[in-house]
1. For residues that are assigned to a helix (DSSP H, G or I) and polar (S, T, N, Q), scanning just the stretch 380-400, find the one that is nearest to the chain's Cα centre (by Cα).
2. On the basis of being of a type in the set (Ser, Thr, Tyr), modelled with pLDDT of 95 or more, farther than 21 Å from Leu217 by Cβ and part of a helix (DSSP H, G or I), does Ser444 make the cut?
3. Can you name every residue in the stretch 403-423 that is open to solvent by 40 Å² or more (accessible area, probe 1.4 Å), touching a residue at least 60 places away in the same chain (Cβ under 8 Å) and within 23 Å of the chain's Cα centre (by Cα)?
4. Give the residue that is modelled with the highest pLDDT, with candidates limited to residues of the stretch 155-191 that are of a type in the set (Lys, Arg) and over 18 Å from the mean Cα position of the chain (by Cα).
5. Quick one: what pairs do we get from the stretch 449-460, first residue within 15 Å of Gly421 (Cβ to Cβ) and outside any loop (DSSP other than H, G, I, E, B), second at pLDDT 55 or above and open to solvent by 30 Å² or more (accessible area, probe 1.4 Å), C-beta under 7 Å, 6+ apart or different chains?
6. Could you say which residue among Trp339, Trp362 is under 26 Å from Val141 (Cβ atoms), out of contact with any Gly (no Cβ under 7 Å at 6 or more places or on another chain), open to solvent by less than 20 Å² (accessible area, probe 1.4 Å) and not acidic (Asp, Glu)?
7. Cys216 passes all but one of (1) outside any loop (DSSP other than H, G, I, E, B); (2) open to solvent by 20 Å² or more (accessible area, probe 1.4 Å); which number fails?
8. Can you find a residue that is assigned to a loop (DSSP other than H, G, I, E, B), at pLDDT below 95, over 13 Å from the mean Cα position of the chain (by Cα) and more than 30 Å from Ser444 (Cα to Cα) anywhere in the stretch 367-379?
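The values are calculated or read from the model by the stated rules, or taken from the named source; none is laboratory data. All figures in this text were calculated on a predicted structure; none of them were measured in a lab. Glycine gets a Cβ as well: all are built from the backbone with ideal geometry, and neighbour counts include every protein chain shown. All accessible areas refer to the heavy atoms of the entire protein, side chains included, with ligands and DNA or RNA removed. Shrake-Rupley method; radii C 1.70, N 1.55, O 1.52, S 1.80 Å.
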Amino acid sequence: MQLLLSHRPPPAAAHLRGAAPAWTQQLRARRQAGPPQASASASASASFPGSVPDGAQKPPRRSRSRSVAGIDQDELLDPEALADPDSSFYEINGVRLHHKVCSHEDEDSPSDQSSDATVSAASQSRISLPILLLHGFGASVFSWSSVMRPLARIAGAKVLAFDRPAFGLTSRANWSGDDSKPLNPYSMAFSVMATLAFIDYLGAEKAVLVGHSAGCLVAVDAYFEAPERVAALVLVAPAIFAPRKGVKDRETGEPVGQKQSVPDDANSSLNLFARIRDGFLALCKHIAGLVSKMIMAIRGVVQALYVKALVAFLRSSLGVMLVRWVMDKFGILGVRNAWYDASKVTDHVIQGYTKPLKSRGWETALLEHTISMITDSASATRVPVSKRLSEISCPVLVVTGDTDRIVPAWNAERVAHAIPGASFEVIKSCGHLPQEERPEEFLSVIGRFLWTVFGTPNEQVVQAAV
């Protein structure tokens, strides 16, 4: 029993207890020696798969590239570096305006060649007036590339298209509200000045202005600025709101301002009540007028504060992020939506619209153009173009596509009705861009209009030019 209850440790335990002093000494020696050398560390780390030695150099972290509508934003260039062989630049107030010119004397490409007889017929019916082409919002000279040369043959003169500031390959000018430059390059006034300057550049006294969408505003404003310089206006899918028709009284149905005659019978009791009623209504109208003036004054202050806040936001880094996001998500989609048949939008068309996104400062310029539109619309001194359409007296043609989703055909027709004597043409199976989607029909419509106004219409000539 004493043997069974013995607490003598087993031989192994006795061995460990005897070796403890030596193991402690080795641990103390390691602490005094300090951390292991690099070679020891490298050999130790090498024993773990995927580990990197402390002395080894790690590869640089690859930065994430930015892209807008498929265009790399880390390698932007100056607009002139993106120019085509037939591009030119004309400087106005420090802004280099990208433009292209086609002449009726230029040699025809193989796709443009016609028979000698038809070309001779076209040369006999030329109107001998230059044509200026004004693109819409988000577009550029590229939008007119399919029709410039045929239009030059129709006109018997030069045809010029230029990129308005903030679009295409025109230089991006630095501008802020307190800048000392004589004129905001992104304003409507600058675009009008540039339009008239290009008429001088062509050495002409007057020209035919062809505007598309928002470019119609530039064309009409240029007419009001110098009507003697504009021979005719062609407004394609015009982004203009025509004046509303006269407002009628809800109760009587008669135009406002026309009052019904009331019998003046002093002996009638009804006449007494009528006078009391009229006096009461006049008092109410006077009070309502005072309240309305107060509301309008407050509204003006609120609107001014709102515009200032909006402008400050657009000029911030958040505004730049917003415009990049919008162009990335909706830029290409907007081009496809502008066509009647989106399946016919080729890669060449997409590249033509996204090429300006390669130019340095495109987003800031687009924001400044937007700010200029906001401040112009908020100006109390500037009369909207839509309220002056009835003052136009030159020949006008309004052209629209029957399935335009951006500026509906009925809206374009309202513009035509608001301009005295304006012609109105609808191109079938066509969207917002007739000059791109239906170039032959577009040229035929414009050719007939110009020859009707300035010359003798000839269907053979139209076919020759197209």
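1. Among those residues, the one meeting the criterion is Ser386.
2. Taking the combined requirement at face value, the residue satisfies it.
3. Within the stretch 403-423, Thr403, Arg405, Ile406 qualify.
4. So the residue we want is Lys158.
5. Pairs that qualify, where the first residue is within 15 Å of Gly421 (Cβ to Cβ) and outside any loop (DSSP other than H, G, I, E, B) and the partner is at pLDDT 55 or above and open to solvent by 30 Å² or more (accessible area, probe 1.4 Å), are Phe449/Ser423; Val453/Pro395.
6. Trp362
7. (2)
8. Looking for residues that are assigned to a loop (DSSP other than H, G, I, E, B), at pLDDT below 95, over 13 Å from the mean Cα position of the chain (by Cα) and more than 30 Å from Ser444 (Cα to Cα), one finds at least one in the stretch 367-379, hence yes.
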